[in-house]
1. Under the condition of being hydroxyl-bearing (Ser, Thr, Tyr) and modelled with pLDDT under 85, which residue from region 28-84 is nearest to Gly14 (Cα to Cα)?
2. I need every pair where a residue in region 43-66 that is farther than 17 Å from Ser24 by Cα and open to solvent by less than 90 Å² (accessible area, probe 1.4 Å) has its Cβ under 6 Å from the Cβ of a residue that is of a type in the set (A, V, I, L, M) and modelled with pLDDT under 80, sequence separation at least 6 or different chains.
Amino acid sequence: MKDQIPHRYKQLIGKTIANIEYLSDGECNDLMWHNKPVAIVFTDGTFMIPVADDEGNDGGVLWYEGEGSTTILCSETVETMQEV
């Protein structure tokens, strides 16, 4: 799977997550976003925010799979579905 990662994503390899937090109301207002996504903050001060599209028109979702379930994080809502 590692060989399938495009070059532009390789800067994420080896990063350590320091915190996961929602953007503030003010940050979302400044960006003119209706959805309040989570920001993944790394120990080196960089961060990653899911967006709706490649133009950054709104906050997006994170899809996490593991431990027998799928978790979708979006807009201060967390939805977990057990695998069948």
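The values are calculated or read from the model by the stated rules, or taken from the named source; none is laboratory data. Please read all numbers here as calculations on a predicted model, not as lab measurements. Please note: Cβ atoms are built from the backbone with ideal geometry, for glycine as well, and neighbour counts cover all protein chains shown. Surface accessibility is based on the protein's heavy atoms, side chains included, excluding ligands, DNA and RNA. Shrake-Rupley method; radii C 1.70, N 1.55, O 1.52, S 1.80 Å.
1. In this case the residue turns out to be Tyr64.
2. Close Cβ pairs satisfying both conditions: Leu62/Leu73.
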